[in-house]
Amino acid sequence: MKRADLQSNLAMTVTLIMGAMLFTTLFMGYAIYRSASTYWPPMGFAKVALGLPTFSTFLILVSSLFCYLARVATQARKVEKARLYLHLTLILGLAFMLTQGFLWSHLKATGVYVSSGIFASILYGFTWIHAAHVILGLGTLLYLEIVLKNTSDSTIRKVINVEKFWHFLGIIWLIMYFTIFVL
Amino acid sequence: MSGGYNEIHPEPTTFISKYLISFDHKVIAKQFLWYGIFFLGLGGLMALLIRWTLAYPGVPFPVLGNLLFPDSAGIVPPDSYAMLFTMHGTIMIFYAITPILIGAFGNYCIPLMIGARDMAFPMLNMLSFWFAFLSGVVLITSLFLPLGAASGAWTSYPTLSTMIGSPGAGQTFWCVAIFLFGISSTMGAVNYVTTVITLRAPGMGYFDMPLTIWGLWLTAILNAIFVPVLGAGVILLTLDRVLGTTFFLAGASATSGSGDPVLFQHVFWIFGHPEVYILILPAWGIVSDLLSFFSRKPAFGAKSTALAMTAVTVLSTLVYGHHMFTTQMSPLLTQSFMTLTMTISIPSAIFFANWLGTIWKGSIRFDSPMLFSLGVVFVFGLGGLTGLHLGTVTTDLYLHDTYFVVGHFHYTMAASVLLGGFAGIYFWFPKMFGKMMNEKLAKLHFWGTMIPLNGVFFGMLMIGYGGMHRRIYNPFVYDSLKRLIPINEFVTISAILMGLFQIVFVINFLWSLKKGPKAPNNPWEVGTLEWTIPSPPVHHNYDEIPVVKCGPHELGNPNLKTGRDFQYQTEELVQG
Ligand code: HEM
Ligand SMILES: [Cu+2]
């Protein structure tokens, strides 16, 4: 492997380990809250309706697929195709953020306020933190919109790294979907 | 990400690109050094204010008192006292030790000692400094807030650190500052890990790296893994404070559905225990190298030192519970954490014995870097031994939260890391600035630090053993502690002395910078790569990337016929 590729891979791996540690900490906390409480959701709360979170899951997974296709197209040196998939990833990413907005207003409408205790804290807090990372991810996608004009080695490296980060966000959401909403 | 990939970058020409927004690891190292020394002074002043209050409660602080606390006639008021120990701890750990040991030496030594032209990602490196800078600005600003800076201790346990305990904005600023600092540290970590793996000069295997690099590298790995844990903790704490979530609120303070204050302690120490090794590993590495250099013989068991340091790194991730023995953990857990804690003694003892083996029968040169290194051996020995009392559950139940703990971590962290840092500064100053420091003043600085330092920290161990708790504004309202007043005065006087002797260092540093005699390429006569090039090095370090042919500690080889008692890493190992 070329040294630049190796450096890029290593740096991205370390970055993803850092992100994973951050969310692992959150999930560890969640596990403790849940195992410490007799009822979940706590008294007075109901489970969140699954429709909206499922739709979010669908959006972010499909966007991951497009992101993957964008990377494959870049590596195959097809800039136009890669850009098309990049646009699609970006649009679906924005749509995901929109559904998150709906989720928050839906929670509020059903009487689950930020300050309504630990159940609400987890719903809001974790989705906020994830959303903040998605915004960061959207930023990197926008950056790709600017630089993905050629298929030089350095562009390919950038696309690969953004792809990894985007998948990472998808995986975290998937874990959140199953542990916070479904379970 | 724009990468250096070891090619030669054009030299910057404007003032801004040369000294401010510099991509050059040597300049960034110096930025971190200035930054760290500034905060060391600030944190040191706070320490003196704390010490004064403990020895002379109710007496105005001399000279500066009226300026700092006009409303209380120069006496440190109780709420300011809490702010002072909080900010002292925070500043010393994150804003003084980290920038000097990791920011300055990491940046300076890694590329030079492994024969690279710069870090793998120079731009990330630059950003790392400026994030640290921003973080420092936020922290300093918090000192001027209406309700003052954070006052929930450097550990910022809830409920002290939630809106119930700290209604002012100071604690929120603290969280933001720490988060920004975390970003800076992790950026550095990405860079260090990648650089060490990919940019070592041809021929340099991992065990041909100086132990300094080993220490810095392991530190970077721990940083990358555990700083994000603290990041998660302070994010949740900030959400609790600003947006009204209740992650860490329990009981009456949580209106419905209970959070868990103790959870924060777990999160904090999962990060916090590795953090103490993050701070000490670079110092261990530096000391391991310097002991060999100035004993004029190879580092005893260098490979096992590197492996022992690695073992400590791994084990340090598994022992955090020893900070929480008194939180009503199940005995099964406390026993396990105790056992794991004791296990760390094994690798620690290995490299400690290696240090002694290194100086054993060496022809020791007592230059200032060596004096400071020997100082580390002594104080770290004491610090490590006191750790055993704290790691044992039965004794810790008594000693927890007393000044014994404060003494312990000042010996391990303040003393060892500080002395190690000074050793490094005296050692690399000639390379960094191309000037020699004054050796007489350096020796004066050493003894002026070493002797009072033991007065301060050993005194702390004693008052802690005598039962004095930490973080109390005026301990002597308790009759049983009145008998400890004399030792407290002794500690304070020692601290003031030690503080005064730091002026010698500052004078020496500034004077040598301006007027010091020009440094030769290799003033200490050692063979690692950075000493093969001019002092200070040119912008791209190495005109030609060196080829490494032997280890970093080839000193005192009887087969050497060159007239020197050491050989450079670029020379073929001389054999009989
Ligand atoms: C050699 C083995 C060591 C052992 C067995 C050990 C053990 C302990 C234990 C059990 C405590 C908790 C005491 C209590 O709060 O009751 C403690 C506190 C502490 N140790 Fe160590 N330690 C060791 C080395 C170190 C090193 C190398 C450092 C730093 C470089 C360090 C820094 C600290 C700090 C900062 C605290 C106190 C944190 C606080 O409560 O504010 N220790 N140590
Ligand atoms: Cu510990």
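What to note about this one:
- Placing a pseudo-label 7 Å from each Cα along the Cα-to-Cβ vector at B:LEU307 and A:GLU80 gives an inter-label distance of 6.0 nm.
- 5 angstrom amide H check on B:LEU555, placed H, neighbours 5+ away: none
- Region B:275-427, dipole about Cα centre (Lys/Arg Cβ +1, Asp/Glu Cβ -1), debye to the nearest 20: 580 debye
- Principal-axis tilt of helix A:3-36 within chain A, Cα atoms, nearest 10 degrees: 10 degrees
- Shown is the FRET efficiency for B:HIS539 and B:LEU388, computed with R0 = 45 Å from the Cβ-Cβ distance and rounded to the nearest 0.05: 0.40.
- Averaged over peptide B:227-240, the number of partner chain Cβ atoms lying within 10 Å of each residue's Cβ comes to 5.
- Stokes-Einstein translational diffusion, region B:25-532 - Kirkwood Rh over all Cα pairs, 1.567 mPa s, 4 °C, in µm²/s: 55 µm²/s
- B:LEU500-A:ILE135 FRET efficiency (beta carbon distance; Förster radius 45 Å; 0.05 resolution): 0.30
- Taking Cα centre as origin and charging only the Cβ of basic (Lys, Arg, +1) and acidic (Asp, Glu, -1) residues, the dipole magnitude of chain B rounds to 940 debye.
- Note on chain A: Rg/Rh from Cα positions, Kirkwood definition for Rh, rounded to two decimals, is 1.04.
- In region B:435-576, a dipole from Cβ-located charges (positive for Lys and Arg, negative for Asp and Glu) runs towards its positive end, and of B:GLY467, B:ILE503, B:LEU560 it is B:GLY467 whose Cα lies farthest in that direction.
- Per-residue ellipticity at 222 nm computed for the protein assembly as shown from its helices equals -21500 deg cm²/dmol, with DSSP H segments shorter than 4 residues left out and the rest contributing -39,500 (n - 2.57).
- All Cα-Cα distances of region A:84-159, cut into 5 Å bins from zero to the largest, leave 3, 14, 19, 17, 13, 10, 8, 7, 5, 3, 1 percent in each bin in turn.
- Peptide ranges A:138-144, A:166-172, B:94-100 listed from the most packed, as the mean C-beta count within 10 angstrom indicates: B:94-100, A:166-172, A:138-144
- Proximity of backbone amide H atoms, modeled 1.01 Å from N, is registered between B:THR402 and B:ARG470 at under 5 Å, excluding neighbours fewer than 5 places apart on the same chain.
- Helices that extend 15 Å or more along their long axis by alpha-carbon positions and average at least -0.5 on the Kyte-Doolittle scale are, among the DSSP H runs of chain B, B:25-55, B:78-90, B:122-142, B:170-198, B:211-238, B:261-295, B:302-315, B:331-359, B:368-391, B:416-433, B:439-465, B:485-515.
- A cut-off under 13 angstrom between Cβ atoms defines the neighbours of A:GLN75, and their net charge, with Lys, Arg +1 and Asp, Glu -1, is +3.
- Qualifying aspartates and glutamates (Cα of each under 19 Å from Cα of B:LYS435; at least 8 residues distant if same chain): B:ASP367, B:GLU525, B:GLU530
- Gain on full stretching of the segment that runs from B:THR317 to B:TRP511 - 0.36 nm per residue minus C-alpha separation: 65.5 nm
- Percent RCO, i.e. relative contact order, over region B:25-532, from Cα pairs under 8 Å lying at least 6 residues apart: 14 percent
- Net charge dipole size for the protein assembly as shown [Lys, Arg +1 and Asp, Glu -1 on Cβ; Debye, nearest 20]: 680 debye
- Computed over region A:32-111, the percent of Cα pairs more than 14 Å apart is 70.
- Pairwise FRET efficiency - B:ALA349 versus A:PHE58, Cβ, R0 = 56 Å, nearest 0.05: 0.50
- For B:LYS435, the residues whose amide H sits under 5 Å from its own are B:ALA519, ignoring neighbours fewer than 5 places away on the same chain, with H placed 1.01 Å from N.
- Shape analysis of the protein assembly as shown based on the Cα gyration tensor places the equivalent ellipsoid semi-axes at 42, 37, 23 Å, largest first.
- One chain, two ends: B:ILE493 and B:LEU444. Fully extended at 0.36 nm per residue, the span grows by 15.8 nm beyond their Cα-Cα distance.
- Rough spin-label spacing in nm, given labels placed 7 Å along Cα→Cβ, for B:GLU525 and B:LEU243: 6.3 nm
- Mean sequence separation of contacting Cα pairs (under 8 Å, at least six apart), scaled by the length of chain A, corresponds to a relative contact order of 30 percent.
- Among B:VAL276, B:VAL477, A:VAL14, the order by Cβ neighbours within 10 angstrom, fewest to most, reads B:VAL477, B:VAL276, A:VAL14.
- Cα centroid separation, region A:87-123 to region B:405-480 (Å): 51 Å
- Partner lysines whose Cα lies under 25 Å from the Cα of B:LYS561, excluding those fewer than 8 positions away in the same chain, are identified as B:LYS297, B:LYS361, B:LYS549.
- Of interest is the spacing of the C-alpha centroids, which for region B:48-121 and region B:166-220 amounts to 21 Å.
Read-outs: derived from the displayed coordinates by stated rules, not from any lab. Keep in mind the model is a prediction, meaning the values are calculated, not measured. Glycine gets a Cβ as well: all are built from the backbone with ideal geometry, and neighbour counts include every protein chain shown.
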